[in-house]
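This report refers to the structure that appears directly beneath it.
The values are calculated or read from the model by the stated rules, or taken from the named source; none is laboratory data. All of these numbers come straight from a predicted model, not from anything done at the bench. Because the Cβ atoms are built from the backbone with ideal geometry, glycine has one as well, and the counts that use them run over all protein chains shown. Heads up: the accessible areas ignore ligands, DNA and RNA and are worked out on the full protein's heavy atoms, side chains in. Shrake-Rupley method; radii C 1.70, N 1.55, O 1.52, S 1.80 Å.
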Amino acid sequence: MNGPTSDQTLTNANAEWTQHVIERLKVRGVDCEAVNIEHWARANKMFRDGTADVLFPEIVGDSAQPGITGMPVALTYGFVIFTRYDTGPLDAIESLEGLRVGIIRGRFYPNEFLNHPGIQIQRTNSLEQNMHMLALERIDATIEYQSDGVALLGRLGLRAMIHHGDEFGVNELAYRFHLSDRGIWLRHHFDAAVQELIEDGTYKQTFTGTSQRLITD
């Protein structure tokens, strides 16, 4: 099952990539079907209740998600901290102590951020809501991937008001499986298929021209 990204071109490439994996799995005698989901909340629910056996793209080490992940398929962009210009650029989680920080419900954030006792977290429904709240001084900062945040600021006309600091927290992306005998069996075959597609060049060909950070670069 493929979940959405903020970049439609990348979402399409992920779907194409998973189809390549499925074709390679069928050669190995593993019958799979891809389902593309438009909303992460639904995708996560389907995985949690067992409707889906595999979830992609998933962050390796995300303790909020059940199951186990396979070999890395790609890298995320790191997070940056967005603030108003009157606050100055912030480059690390520790610099958020004492501040009101908007985050989006249901998405991954580093544990050291979520568990920091001195940060006042305010949960919202979207990055757009966070940016508007930041501009209106209802929060002091928000955390997002640099490319997504900068693109949204341009669309909202807020680039003259809001800036960001340096990137931190690059993570690995992989397929996620249930922690079960079947899940471990699927992970073995998925890992083998992914490795074959990396070695024969299909992997790089599929993602060339997209915003994806490849593990082989």
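Tabulated data
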item: Some residue of segment 199-214 being of a type in the set (A, V, I, L, M) and not in a strand (DSSP E or B); result: no
item: Residues (closer than 15 Å to residue 166 by Cα and not small (Gly, Ala, Ser)) located in segment 88-111; result: 89, 90, 91, 93, 94, 96
item: Which numbered condition residue 187 fails, given (1) within 30 Å of residue 28 (Cβ to Cβ); (2) modelled with pLDDT of 95 or more; (3) open to solvent by 30 Å² or more (accessible area, probe 1.4 Å); (4) out of contact with any strand residue (DSSP E or B) (no Cβ under 6 Å at 6 or more places or on another chain); result: (4)
item: Among residues of segment 126-148, those that are within 16 Å of the chain's Cα centre (by Cα) and open to solvent by 50 Å² or more (accessible area, probe 1.4 Å), counted; result: 2
item: Cross-chain or 6+ apart pairs with Cβ under 8 Å, segment 112-133 first and free of Cβ contacts under 8 Å to residues at least 40 places away in the same chain, then open to solvent by 30 Å² or more (accessible area, probe 1.4 Å) and among the basic types (Lys, Arg); result: 120/100; 122/100; 123/105; 124/105; 125/105
item: Filter result (closer than 23 Å to residue 63 by Cβ, out of contact with any Gly (no Cβ under 8 Å at 6 or more places or on another chain) and not in a loop (DSSP other than H, G, I, E, B)) within segment 138-187; result: 143, 144, 148, 173, 181, 182, 184, 186
item: Condition check for residue 43: among the aliphatic types (A, V, I, L, M), open to solvent by less than 70 Å² (accessible area, probe 1.4 Å) and out of contact with any helix residue (DSSP H, G or I) (no Cβ under 9 Å at 6 or more places or on another chain); result: yes
item: In segment 80-125, the residues that are of a type outside the set (Gly, Ala, Ser), at pLDDT 95 or above, open to solvent by less than 30 Å² (accessible area, probe 1.4 Å) and assigned to a loop (DSSP other than H, G, I, E, B); result: 90, 119
item: Filtered residues of segment 149-165 (kept if closer than 12 Å to residue 82 by Cα and either over 20 Å from the mean Cα position of the chain (by Cα) or of a type in the set (Phe, Trp, Tyr) (or both)); result: 158, 159, 161, 162, 163
